[in-house]
């Protein structure tokens, strides 16, 4: 009878570049929520935090784009990871465009979409590790 440790499939690891880029993207998503709270919360200088939030979005989208390239290059055989990484990038672009729109309807979609993006950003590294 085979021992459980010899029959278990080896743990798959995501490529280190993809992991690092997704991790930095996730950090960017988390910081976006913090910065949005600072300028929406009625601080003395909301304009500064708005600018930080805007430039943080640009950096986070750039990191997600690099993570997507890394997924296509090193993880192309892992379709769910590639698709999820590309989806994260697309949703971040949509999120950034909604943030640039000057309407209450855009904000009504922007905030819930941010929660969805955070969930995807947390789920993605778990999925990449599981294989």
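Of the residues making up region 61-80, none is at pLDDT below 95, buried (at least 18 other Cβ atoms within 10 Å of the Cβ) and assigned to a helix (DSSP H, G or I). Annotation note: Cβ proximity below 8 Å between a residue of region 16-44 that is free of Cβ contacts under 8 Å to residues at least 60 places away in the same chain and at negative phi and a residue that is in a helix (DSSP H, G or I) and loosely packed, with under 13 Cβ neighbours inside 10 Å (sequence gap 6+ or interchain) occurs for 39/47.
Taking each residue of region 118-131 that is on the phi > 0 side of the Ramachandran plot and at pLDDT below 90 and looking for partners that are assigned to a helix (DSSP H, G or I) and crowded, with 18+ Cβ neighbours inside 10 Å with beta-carbon atoms closer than 9 Å, six or more apart or interchain, yields 131/81. Among the residues of region 81-96, which ones are surrounded by fewer than 16 Cβ atoms within 10 Å (Cβ to Cβ) and either under 11 Å from the mean Cα position of the chain (by Cα) or closer than 18 Å to residue 31 by Cα (or both)? Across region 81-96, the qualifying residues are 87, 90, 93, 94.
Do we find that residue 14 is part of a loop (DSSP other than H, G, I, E, B), farther than 24 Å from residue 114 by Cα, at pLDDT below 85 and under 20 Å from the mean Cα position of the chain (by Cα) in this structure? It is true that residue 14 is part of a loop (DSSP other than H, G, I, E, B), farther than 24 Å from residue 114 by Cα, at pLDDT below 85 and under 20 Å from the mean Cα position of the chain (by Cα). Checked against the criterion of being more than 21 Å from residue 108 (Cα to Cα), part of a helix (DSSP H, G or I) and either at pLDDT 90 or above or in contact with a helix residue (DSSP H, G or I) (Cβ under 9 Å, 6 or more places away or on another chain) (or both), the candidates 36, 86, 57 yield just one match: 86.
The values are calculated or read from the model by the stated rules, or taken from the named source; none is laboratory data. Source: prediction; values computed, not measured. For neighbour counting, all protein chains shown are included, and Cβ atoms are generated from backbone atoms with ideal geometry for every residue, glycine included.
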